[in-house]
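I have placed the structure first, in the form of structure tokens, so that the comments after it can refer back to it.
Bear in mind these aren't lab numbers, they're just calculated from the coordinates by the rules spelled out. Source: prediction; values computed, not measured. Note: ideal-geometry Cβ built from the backbone for every residue, glycine included; neighbour counts use all protein chains shown.
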Amino acid sequence: MRCKFLTILNKNKKENMKDIQNLKDTRNVDIQKVGIKHIDVPLIIQRKNSSNQVVCAKARVSVSLPRDYKGTHMSRFVEVLNEWQHKNLLGVDIKGCLEKIIQNLDAESGELQFKFKYFLEKKSPVTKLSAQMAYDCTFEGRIDNDNYKFILGVQVPVTTLCPCSKEISDNGAHNQRAFITVKVSYDEDKHIWLEDLITMIESCASCPVYPLLKREDEKFVTEKAWDNPKFVEDVLRDVVVKLREHPVVNEFEVECEAFESIHNHSAWAYQQEKKDIAKVAK
């Protein structure tokens, strides 16, 4: 009898709790984005070879908040994210997760981003020894008035060798590690594998970067970069050309930053383009 009484008492307390977030706000400010960030979420990513890779992602999720509401319900973000951590993802699949977040929070727009390290087995060019290479990747989805946009992002480390340094020097040329960061957007019924995007990006550099190199491999990559000198401008243009020709990509951003080995600065280039879909279709 006592247990039943306490259950009823606790239920009444919960029902009588005031929902502060739903109180009316009088400052006349529509908030464009409000939510949570830096929350760790385990995700299952589908790989090109039909296997799966479990990654630890940093999530950032937000919705719009109308001027009449004092606040949003943070716990509802976490509840939906927990539901999706057990599902296999191709990237564009995060639309369903974002739709449920928007629905649960009675919002008109929302954004969801997962940042994670994606591992690929990579063989050294000569000795063919395998090791794991990590790439920083992002899945990002945006919904605004029922319009969905998905963005796939990856940052790829590469080597660049300076054409000017090679030209003016009797012996050698300065080379350095660089990062090529690419973000691509495409229709939700299409797909781009991370593996293919990474391979395409690496082909635009003086030479790829490898996780494991023996002496024979070091000789190969040094000579390959020497035979293929590129400014950051060259690297960026080569990536842009490939993305312009890609049959699936609608929009893209490319950023190339070379951490110059002999200069006290980085060399940097950036390009953003949106294809004319009607023109491409012709």
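Brief remarks follow.
- Cross-link partners of residue 100 among aspartates and glutamates (Cα-Cα below 18 Å; sequence separation of 8 or more within a chain): 79, 83, 108, 111, 140, 144, 146, 188
- Other residues with beta-carbon under 10 Å from the beta-carbon of residue 80 carry, at +1 per Lys or Arg and -1 per Asp or Glu, a net charge of -1.
- Relative to the current alpha-carbon distance between residue 132 and residue 44, full extension at 0.36 nm per residue lengthens the span by 29.9 nm.
- Qualifying trypsin sites (Lys or Arg not before Pro) in the stretch 34-71, DSSP loop, other Cβ atoms within 10 Å at most 11: 48
- Computed over the stretch 64-166: relative contact order in percent, which uses C-alpha pairs under 8 Å that are six or more apart: 23 percent
- Relative to the longest principal axis of the Cα atoms of the chain, the long axis of helix 94-104 makes an angle of roughly 20 degrees.
- Between the stretch 164-242 and the stretch 45-87, the Cα center-to-center distance that results, in Å: 33 Å
- For the chain, the longest principal axis of the Cα atoms and the long axis of helix 74-84 meet at an angle of about 60 degrees.
- FRET efficiency estimate (nearest 0.05) - Cβ-Cβ, residue 266 to residue 103, R0 41 angstrom: 0.40
- Trypsin sites (Lys or Arg not before Pro) restricted to DSSP loop in the stretch 87-194 with at most 14 other C-beta within 10 Å: 87, 128, 190
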